[in-house]
Each structure stands twice: as C-alpha cells, then as structure tokens.
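This report concerns only the one structure given below.
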Amino acid sequence: MPQYSRITGTGSYLPPRRVTNQQLVEQLAQRGVETSDQWIVERTGIQARHFADDGVFSSDLAVHAARQALEAANCQAGDIDLIIVATSTPDMVFPSTASIVQHKLGIAGCPAFDVQAVCTGFIYALTVADSMIRSGAASKALVIGSEIFSRILDFNDRTTCVLFGDGAGAVVLEASNEPGILACDLHADGSHREILHVPGHVSGGEISGNPLLQMDGQAVFKLAVGLLEKTATAALEKAGMQKEDIDWLVPHQANIRIMLSTARKLRLSPEKVIQTVHDHGNTSAASIPLALDVGVRNGQIQRGQKLLLEGVGGGFTWGSVLLQY
C-alpha cells in the first residue's frame, strides 16, 4: 500500500465578471451605503473580486477548475475514483454539489460528497481525501473548493459585502510512494459560531431567519491569528519539522493583515506568503486551492518544496496541511 498521497495537478477558475473596489463603491452608493477604495484596501488588502453571473452555480465553477487540475495531472476524468467538494454555497440543498460535478465531468460510480467547514473546507476535504487514499479506499481524488458567496452577502453591510468573492480551485490527489501530504491538523469549536454565520434555513418552503452572512470582524480577527499559529505549529510537530523548513505559506485569503500577522508569528517573510486576496477577495473554501494554483502556475511554487496550507472559518473551524509539493 502506498505510504503517501501527493498533489499531481492543480487548477482554478474565476468568473469573468471582475468587480473593482471603485465599481463596488459606486454600486453601494446607489443603496445609500458609504465606503471607499481606500477604506477597503487599508483594512483588507482587497482591490477587486469576481462575481458569478445569474444562472451560474458552484458546480459550474468547480468543473472548470477540475478540468484544469486533471489536465495538469495528465489524467482523465474517468481515472478519478473519489470527488470531494468543499463548499458553503451548494447548488441546492441536495443532492451534493460533488455529485453534480461528477455528472458534469461525464463520470459515475465513484464516491462523491461535499464537506462544509466554510473557509477551512478545503483543508478538511484534503485531509479526508488523504486519509481515504492512505487507507486504500481511493487512488485518485479530485478535491475542490468552490463558492459563490456573492449570493449570501448583505449589500447593505459595508463591513462584510466588500470582503468576499466567487471562484473555485481544485487539486488531483494521487496515491504515491513519494512524499506528499506530510501532516494534517483539524479543529472546530461551535461555541464561537455566532461570530461568523448565515443563520437562515429552509422551512416549509420558505426561508426562516436571516439568509445573509453576518460577521463580527474584530472577534474573528482576534481568534484567527492565534489559532492559525497553533495549527501551523501542530502540523510541523506532527511532521517532525521546524518553521524554517517551510518554503511557502499558502493561507486562506481572508484579510492581508491576518495573513501577514500569521507569517510574522511563523518567522516567515511576506515574500514567502502566496497572496491573491488583492484580486480575488475572500473566496472561502476556494481561496486556498485558488492561491495554490496561482503559485504553481506563476512559477513561485516548485516541485519538492514544502508548503503549509492553513485556514479558519465559520463554525468556528480551523486547520492546516503540511505537504511536499
């Protein structure tokens, strides 16, 4: 039985509609909501984000990213024997977005399911896929993060609606005798659920409660920085490695201040942090695989380098994956 699972291909997709801060500021002004490009950039580092058009779903974004990853891994959709989609914005209540992606890729029969851990979703999904490959339950997995957060934003709340965007990222994870995923670390604490949540739900054919995202930004920031350092340290300890061994930090792209604060605690220079938040915004479960694919395709991330992937999300959830690319 192979000892490792290894990423053999990456892919990503952003909806064509790019919305700059200034465009968003003008749209919000029509609603009587005041903000500015300077205010957004200073607090978040975000300059633009991408929004999906009406009639486009998370599965559509996921399929685009998946096909890129399959091509990069030099394998066919029919070779895949496991599909996991991390999303908080599924196409529908059920069936799973993963099963819809499976059908759109023209395959059937293999396990396909969703993972819901919000912004930590891709870390959770990658950990599950790694465990299934190591156990022999799968040999080639598609692990995807895909979100259309623009549909759950309150555009009357400038503290949240400027933060998020839509997109998808994917990896092909294969059984291998070569080192790949070295350590995983996952956590959750439901006592913090109210600092970042969408409390609405479907009941009796209607939406009950608020179906839009609500966040206590200061509480999330304070919690996130400490937890990200702890999960990074835990993953390193599990792998018997030191902070100095990290070649690249690929963090959840939530906020440039959180990302750089985490890097400082890990004694990593900003140049060792893959940063896409300026052009993507926070794409929740898609942000880490999106950033990973950008780093791979622009030549920053090279084979053999050690990467630390980490994120925090509503729930409250947090976790990390340490891998050799």
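The values are calculated or read from the model by the stated rules, or taken from the named source; none is laboratory data. Just so it is clear, the structure is predicted and the values come from calculations on it, not from any experiment. Because the Cβ atoms are built from the backbone with ideal geometry, glycine has one as well, and the counts that use them run over all protein chains shown. Keep in mind that these areas ignore ligands, DNA and RNA; they rest on the heavy atoms of the full protein, side chains included. Shrake-Rupley method; radii C 1.70, N 1.55, O 1.52, S 1.80 Å.
Couple of notes before you dig in:
- Heavy-atom accessible area per residue - the chain, 1.4 Å, Å²: 41
- Candidates I100, I246, I207, ranked by Gaussian network fluctuation over the chain, Cα under 10 Å, top entry: I207
- The residues neighbouring Q300, those whose beta-carbon lies less than 13 Å from its own, together hold a net charge of 0 under the Lys/Arg +1, Asp/Glu -1 convention.
- Projected label points at F94 and E178, each 7 Å from Cα along the beta carbon direction, are separated by 4.1 nanometres.
- Where only DSSP H runs of four or more residues are counted, the chain gives -10000 deg cm²/dmol as its mean residue ellipticity at 222 nm, each run worth -39500 (n - 2.57).
- Filtered trypsin sites (Lys or Arg not before Pro), segment 262-298: DSSP coil and at most 11 other beta carbons within 10 Å: R267
- Total formal charge among the other residues, if their Cβ is under 15 angstrom from that of V41, Lys/Arg +1 and Asp/Glu -1: +1
- Computed E for D54/S208 - FRET, C-beta separation, R0 25 angstrom, nearest 0.05: 0.55
- Pairwise centroid distance, computed over Cα atoms, of segment 205-220 with segment 127-150, Å: 28
- Distance from the alpha carbon centroid of segment 1-80 to that of segment 276-325 works out to 13 angstrom.
- Table column - 3J(HN,Hα) (Hz), segment 80-87, Karplus curve with 6.51, -1.76, 1.60, x for Gly and Pro: 6, 10, 6, 10, 10, 10, 8, 7
- Remark: the T159-T20 segment gains 48.4 nm on full extension, using 0.36 nm per residue and subtracting the alpha carbon distance.
- Answer label for mean projected area of the Cα convex hull in nm² (calculated), chosen among (1) 23.1; (2) 18.0; (3) 16.0: (3)
- GNM on the chain, alpha-carbon springs under 10 angstrom: the most fluctuating residue among S146, S191, S261 is S191.
- In percent, rounded to a whole number, the relative contact order of the chain is 26, using alpha-carbon pairs under 8 Å and six or more apart.
- Of all beta bridges that DSSP places with both ends in the chain, some 75 percent have antiparallel geometry.
- Only protein atoms count toward the accessible area here, which uses a 1.4 Å probe; on the chain, the carbon and sulfur part of that area reaches 49 percent.
- Inter-probe distance in nm under a simple model that places probes 7 Å from Cα toward Cβ, at E229 and R43: 2.5
- For the peptides 12-23, 79-90, 283-294, 156-167, the ranking by mean Cβ contacts within 10 Å, running from highest to lowest, is 283-294, 79-90, 156-167, 12-23.
- Other residues with beta-carbon under 15 Å from the beta-carbon of V172 carry, at +1 per Lys or Arg and -1 per Asp or Glu, a net charge of -2.
- Computed FRET value (nearest 0.05) for K104 with E244, which takes r as the C-beta separation and R₀ as 41 Å: 0.40
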